[in-house]
Amino acid sequence: MSVALSIRRVGLTYPTRSGKTEALADVDVEIGEGEFVALLGPSGCGKSTLLRLAAGLLAPTRGDIALNGSPIHGPSCSTGVVFQKPSLLPWKTVRENVLLPARTQGLDLASAKARADQLLELVGLTAFAGNYPFELSGGMQQRVGIARMLLPDPALLLMDEPFAALDALSRETLTFALQDIWSVQRKSVLFITHSIPEAVFLADRILVMSPRPGRIVESLPNPLARPRSVDTFDHPEFTALTQHLRRHFNAH
């Protein structure tokens with residue numbers, strides 16, 4: 001498997017009123033092409049900071065970050081990002097929101113419109129293409145955000161707790177939906193979450209970060225077969241992996 005995202009010996013230190021704070025220290029991560037990697041860690045350990053570094057939104061104090069062998073020095077069309085809130089434009093329809101990257105990145109509009117329609121079908125929102133964001137549930141709005149992220153066909157997807165603001169049922173529904181989307185698109189994914197079951201259900205591999213300064217202290221391959229279903233939650237390997245991760249955090 002070729003390496004899509006490479007993070008080597010990365011550290012980040014930033015100034016505060018009380019002096020310098022070390023947010024990340026000697027972080028090493030590799031994500032293979034088409035691999036779904038989940039990142040778990042306690043609050044304040046630097047998970048979102050690491051994602052912003054991978055997105056080119058921040059620059060590391062030290063270390064190297066590369067996407068498909070090319071150093072990351074800023075935001076790139078090859079990287080798609082989804083945050084906790086989709087930040088849709090309320091005066092634009094669902095389809096128009098999905099098409100936003102076509103206009104900001106200068107994509108061919110005819111091809112982008114065709115791809116937008118395909119993506120809306122993929123996320124189950126074809127019937128809502130002409131609706132406005134306020135007419136959608138929170139889960140549906142997040143699906144629009146995912147479709148918008150996928151429009152430019154990025155090589156790497158960075159997802160920062162995309163389901164955190166949803167109720168439990170919507171969150172579970174979107175977890176299944178994301179698995180379906182990933183199985184079709186087969187993108188490389190770095191997925192940040194505080195939910196151990198969510199990480200185990202979705203990921204090929206789970207990374208665990210230490211408290212600040214954040215380091216990767218464990219990398220766990222996920223042996224569960226795909227596709228995963230509601231029965232996966234009762235599988236002995238699912239239970240064993242979630243218990244291992246809980247013991248890890250209880251120890252901290």
Any hit, segment 11-25, residues being farther than 24 Å from residue 84 by Cα and within 20 Å of the chain's Cα centre (by Cα): no
Considering only residues that are among the charged types (D, E, K, R) and part of a strand (DSSP E or B), look in segment 17-35 and name the one that is farthest from residue 245 (Cα to Cα). 20
Tally up the residues in segment 229-252 that are closer than 16 Å to residue 206 by Cα and either surrounded by 15 or more Cβ atoms within 10 Å (Cβ to Cβ) or in contact with a Phe, Trp or Tyr (Cβ under 7 Å, 6 or more places away or on another chain) (or both), please. 6
Can you find a residue that is buried (at least 21 other Cβ atoms within 10 Å of the Cβ), modelled with pLDDT of 95 or more and farther than 24 Å from residue 146 by Cβ anywhere in segment 86-99? no
Scan segment 236-252 residue by residue and report those that are of a type in the set (Phe, Trp, Tyr) and modelled with pLDDT of 95 or more. 238
For segment 57-64, check the following and say yes or no: at least one residue is modelled with pLDDT of 90 or more, within 21 Å of the chain's Cα centre (by Cα), closer than 30 Å to residue 224 by Cα and surrounded by fewer than 20 Cβ atoms within 10 Å (Cβ to Cβ). no
For segment 71-79, state whether one or more residues are in contact (Cβ under 8 Å) with a residue 60 or more places away in the chain, crowded, with 16+ Cβ neighbours inside 10 Å, touching an Asp or Glu at 6+ places or on another chain (Cβ under 7 Å) and not acidic (Asp, Glu). no
Within segment 35-51, work out how many residues are at pLDDT below 95, surrounded by fewer than 21 Cβ atoms within 10 Å (Cβ to Cβ) and either within 26 Å of residue 183 (Cα to Cα) or among the small types (Gly, Ala, Ser) (or both). 3
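Results for (1) surrounded by 14 or more Cβ atoms within 10 Å (Cβ to Cβ); (2) within 30 Å of residue 25 (Cα to Cα), shown as yes or no for each residue.
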| position | (1), (2) |
| --- | --- |
| 140 | yes, no |
| 169 | no, no |
| 173 | yes, no |
| 210 | yes, yes |
| 226 | no, no |
Only unsatisfied item for residue 122, checking (1) over 27 Å from residue 69 (Cβ atoms); (2) surrounded by 20 or more Cβ atoms within 10 Å (Cβ to Cβ), is (2)
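The values are calculated or read from the model by the stated rules, or taken from the named source; none is laboratory data. On a predicted model such as this, the values are computed, not experimentally measured, just so you know. With ideal geometry, Cβ positions are generated from the backbone for all residues, glycine too; neighbour counts draw on all protein chains shown.
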